[in-house]
Amino acid sequence: MKRVILDTDTGVDDALAILLAMRSPELSVEAVAGVAGNAPLNHVMSNIRRVLGLLARAEYPALARGEPEPLLRPLQAAPEMHGPDGLGGVTQLHRADGSPRYPEPALPVGPQPAAELFLDLVTAYPDEITLIAVGPLTNAARAVLKDRQRMRRLKEIIVMGGAFRRYSNARVHAEFNIHVDPMAAQIVFNLGVPMTLIPLDATEQVILSRSMVEEVMREGENPLLEFARDATAYYMQAHLVQDGFEGAYMHDPLAVGVAVRPEFVQTVESVVSVETRGYHTCGMAVADLRPEGRWRRPGHIKVATGADAESFLSFFLERLKGAS
Ligand code: RIB
Ligand code: CA
């Protein structure tokens, strides 16, 4: 059993990542935190609760509000991709009787800010906790700034972020999670804890299509698959507009998948730097990943260069369907 903390800017793919983590018996989800990113923090926290509300559980992970703004710049959210509510508009869906289709349950949100909860969990479980960060790294950076030595007792960090040998999504050369808070990423990348970075190079190989979801639903509907279908509708249309195909990049679910099966991705170990000042490149993650690259600098970060998309998508759908 791997103890994990999910640090999310729940958004549509974050929501699928949370469901995958909660459906994976290999993982003990100790906490789910929210950070401003895809949507403002209030939406993110509401979305986390709506997603967890889909699961009939005896007990739920601790919930923590994180940072409402990046460390040094104003928030640049992504409503064009995730919808104004950050959840593909499903918060506005209603049943025939007028009740909300995806209500927000009154799951308690702890009094501690996310950074403090991270530090307390690392103290409680030294060298056992995997932090899976699939949003801007503001919460993790805040925890490092508060107590770097304690954060170094994390077992590992898995981050969805960056883009190396392809153009990117927030800017030409800046991936969204890093671009929203470049300084936070720099702080976390320099922490020195074993880290796996899952960039667009890997995640953009993994595309969920509507037909995949509907095919599995024909085998038996369940609330998680219905949510996946409903929440990805807006997100898939956004991909059609932005990327020219109707499907959903599975950025964040792949990061959770790697926590369960690292073999879902191929990696290269490297130092990774972050551009924190460039006019055109602020938020760019920088590393030479070529085996014989001139600027190659082997380091402590395993950077995913490719993904086994077919195996992962099958794994993801089976887990949501209910088979472990
Ligand atoms: O670039 C993709 C990442 O940015 C994903 O984590 C998505 O949810 C957004 O946060
Ligand atoms: Ca995210």
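Filtering the stretch 33-42 for residues that are more than 17 Å from Pro223 (Cα to Cα), within 16 Å of ligand 2 (Cβ to nearest atom) and assigned to a helix (DSSP H, G or I) leaves a non-empty set. Looking at the stretch 283-300, is at least one residue modelled with pLDDT of 95 or more and in a strand (DSSP E or B)? Yes, the conditions are met somewhere in the stretch 283-300. Leu197 - would you say it is within 15 Å of ligand 2 (Cβ to nearest atom) and surrounded by 20 or more Cβ atoms within 10 Å (Cβ to Cβ)? When the stated conditions are applied, Leu197 passes them.
Residues in the stretch 12-29 that are part of a helix (DSSP H, G or I) and either more than 10 Å from ligand 1 (Cβ to nearest atom) or aromatic (Phe, Trp, Tyr) (or both): Ile18, Leu19, Leu20, Ala21, Met22. The condition of being in contact with a helix residue (DSSP H, G or I) (Cβ under 7 Å, 6 or more places away or on another chain) and not in a loop (DSSP other than H, G, I, E, B) holds for only one of Val109, Val122, that being Val122. Exactly one residue out of Ala124, Ala184 is within 23 Å of Val256 (Cβ to Cβ) and without any contact (Cβ under 8 Å) to a residue 24 or more places away in the chain, and it is Ala124.
In the stretch 240-268, how many residues are at pLDDT below 95 and assigned to a helix (DSSP H, G or I)? Of the residues in the stretch 240-268, 4 are at pLDDT below 95 and assigned to a helix (DSSP H, G or I). Going by the structure shown, is Val271 surrounded by 16 or more Cβ atoms within 10 Å (Cβ to Cβ), over 21 Å from Val134 (Cβ atoms) and modelled with pLDDT of 95 or more? The answer is yes for Val271. Output the residue which, of all residues in the stretch 189-204 that are in contact with a strand residue (DSSP E or B) (Cβ under 7 Å, 6 or more places away or on another chain) and of a type in the set (A, V, I, L, M), is nearest to ligand 1 (Cβ to nearest atom). If we take residues in the stretch 189-204 being in contact with a strand residue (DSSP E or B) (Cβ under 7 Å, 6 or more places away or on another chain) and of a type in the set (A, V, I, L, M), then Ile198 is nearest to ligand 1 (Cβ to nearest atom).
Okay, residues lined up against (1) more than 16 Å from ligand 2 (Cβ to nearest atom); (2) of a type outside the set (Phe, Trp, Tyr):
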site	(1), (2)
Ala96	yes, yes
Ser99	yes, yes
Arg152	yes, yes
Glu156	yes, yes
Gly161	no, yes
Phe164	yes, no
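Among the residues of the stretch 46-80, the ones that are buried (at least 23 other Cβ atoms within 10 Å of the Cβ) and among the hydrophobic types (A, V, I, L, M, F, W, C) come to 3 in all. Checking each residue of the stretch 172-179 against the condition of being of a type in the set (D, E, K, R), under 28 Å from Arg261 (Cβ atoms), in a loop (DSSP other than H, G, I, E, B) and within 16 Å of ligand 1 (Cβ to nearest atom) gives at least one match.
Summed over the stretch 205-228, the residues that are in contact with a strand residue (DSSP E or B) (Cβ under 7 Å, 6 or more places away or on another chain) and assigned to a loop (DSSP other than H, G, I, E, B) give a count of 2. Which residues, taken from the stretch 127-136, are of a type outside the set (Val, Ile, Thr) and either under 14 Å from Pro113 (Cα atoms) or away from ligand 1 (no atom under 16 Å from the Cβ) (or both)? Of everything in the stretch 127-136, those that are of a type outside the set (Val, Ile, Thr) and either under 14 Å from Pro113 (Cα atoms) or away from ligand 1 (no atom under 16 Å from the Cβ) (or both) turn out to be Asp127, Glu128. Any residue in the stretch 207-215 that is within 16 Å of ligand 1 (Cβ to nearest atom) and either more than 16 Å from Val134 (Cα to Cα) or exposed (fewer than 15 other Cβ atoms within 10 Å of the Cβ) (or both)? The answer is yes; a qualifying residue exists.
The values are calculated or read from the model by the stated rules, or taken from the named source; none is laboratory data. What you see is a predicted model, and the numbers here were worked out from it, not measured in a lab. Neighbour counts are summed over all protein chains in view; Cβ atoms, including those assigned to glycine, are modelled from backbone coordinates with ideal geometry.
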